[in-house]
Amino acid sequence: MRLSKKVVAMAMASMMVFSMTACGNTADSTPANSEPETEAPATEETDTAEAETETTDAATEEAATDAAEDAADAAAATTGEGGNIGVCIYKFDDAFMTTYRNALQEILEGKGYTVTFMDGKNDQAEQNNQINNFIAQGVDALIINPVMTSAADQIIATVKDAGVPTVLINREPTAEQMAAYDKLVYVGCDARQSGTMQGELILDTPNKGDINGDGKVSYIMIQGDPENIDAQYRTEFSVKALTDAGMEVEELDLQRGDWDRNKGQEIAQNDLAKFGEDIEVIFCNNDDMAIGALQAIQAAGRTVNEDIYLVGVDALDAALNEVASGNMTGTVLNDAQGQAEGAVAAMEELLGGKTYAEGEQSIYVDYVKVTPDNVADFQ
Ligand code: BGC
């Protein structure tokens with residue numbers, strides 16, 4: 001069926017009240033070790049649009065503003081039976097992005113869109129081809145998780161030339177780069193916040209991370225892909241939270257683990273062999289690397305929260321289980337569900353004709369600290 005003007009107006013009205021900072025009540029539903037799908041099939045859902053029409057509440061209908069109806073005209077014209085959406089993911093084989101991708105698929109298909117996901121395989125050239133193919137196929141909108149943040153200029157120029165409304169996710173370009181195209185918006189998180197929260201998790205321990213009482217916190221940092229702003233900010237702000245609180249710190253090692261569990265395990269194993277008891281804290285830029293580091297910690301006969309602390313980011317199911325059983329000091333919820341909802345809401349606004357001014361093209365979802373005290377809320 002074709003979406004009626006009213007249904008689309010309703011969607012527009014509800015989008016206007018969508019709160020991007022409302023998060024923290026959702027947790028990842030995909031275990032970190034689940035096998036990511038290799039190809040998500042394109043599917044068509046038309047029933048949902050009908051269901052939405054039936055469940056439309058009359059009172060809420062009244063509340064749909066004229067502005068929303070105007071925007072709906074544009075959206076209805078553009079989206080037809082829900083519209084064709086192309087989604088480019090930097091690589092399918094990433095635990096967090098698998099959770100995110102599944103959330104996007106459920107939301108988009110639930111809203112009646114036809115959605116096709118492409119695996120960039122961590123190769124920017126491959127992703128560029130995928131973007132060009134989507135444009136050639138005439139997709140109504142694109143959602144792109146860039147392989148390289150440094151490729152943002154090129155990606156933005158391409159989608160602008162084609163005039164395709166685009167939502168960038170997970171890897172944030174600069175405000176100046178995004179200003180080149182007003183039908184473009186970024187939905188993600190401010191990674192400084194997650195870094196700060198990791199530092200706070202350590203400050204909240206009984207000895208503030210200084211297990212051996214020598215007056216300084218000695219740590220190793222297992223970084224994601226250093227090209228990625230999330231990796232840069234988490235690395236910087238986790239340590240800054242400690243120094244801002246007056247703690248002395250000593251960096252024993254910093255290595256890139258590329259967000260990867262096996263690399264996290266290898267780096268931790270080597271460092272534990274090299275620095276032994278001197279390591280008091282292992283900071284990991286994400287949970288998958290922290291799970292790897294935990295394997296190395298346990299193999300070395302060390303005990304988290306007794307003689308070493310370990311923190312990650314994402315709140316993958318596997319990490320939540322380790323926090324609950326005391327094998328991780330804590331993690332930080334990277335709200336995949338909230339970001340996916342935000343990305344789709346922003347995409348629908350773009351489809352409705354909204355344009356974004358410079359400096360207003362980044363929409364953030366909050367991170368949430370996860371400790372043994374509140375972990376049950378996320379499981
Ligand atoms: C997540 C990582 C993920 C990366 C991909 C980060 O925000 O914390 O787990 O690998 O995004 O870009």
**Study point:** Overall form of the range 219-310 per C-alpha gyration tensor (a/c, 1.5; a/b vs b/c)
**Key:** oblate
Practice item. Just check the range 242-287 against the gyration tensor rule for me: Cα atoms, a ≥ b ≥ c as the square roots of the eigenvalues, rounded for a/c under 1.5, and otherwise prolate or oblate depending on whether a/b exceeds b/c. Key: oblate
Check your understanding: Using a 1.4 angstrom probe and counting only protein chains, how large is the accessible area of Arg234 in Å², to 10?
Key -> 0
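Per Stokes-Einstein, at 4 °C and 1.567 mPa s, what whole-number D in µm² s⁻¹ belongs to the range 237-379, with the Kirkwood radius over Cα pairs as the hydrodynamic radius? Provide the component values of the computation, followed by the final result.
Numbers: Rh = 16.8 Å.
In µm²/s, the coefficient rounds to 77.
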Study note, to complete from the structure: Of 316-324, 296-304, ordering from highest average Cβ density within 10 Å down gives 316-324, 296-304
**Study point:** Centre separation in Å (Cα based) which lies between the range 201-259 and the range 316-379
**Key:** 22
**Study point:** Dipole in debye (nearest 20) - the range 93-168, about Cα centre, beta carbon charges: Lys, Arg +1; Asp, Glu -1
**Key:** 180
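The values are calculated or read from the model by the stated rules, or taken from the named source; none is laboratory data. Everything quoted here is computed from the prediction, not taken from an experiment. FYI the Cβ positions are ideal-geometry reconstructions off the backbone, even for glycines, and counts take in every protein chain you see. To get the accessible areas, we keep the full protein, side chains included, count just its heavy atoms, and leave off ligands, DNA and RNA. Shrake-Rupley method; radii C 1.70, N 1.55, O 1.52, S 1.80 Å.
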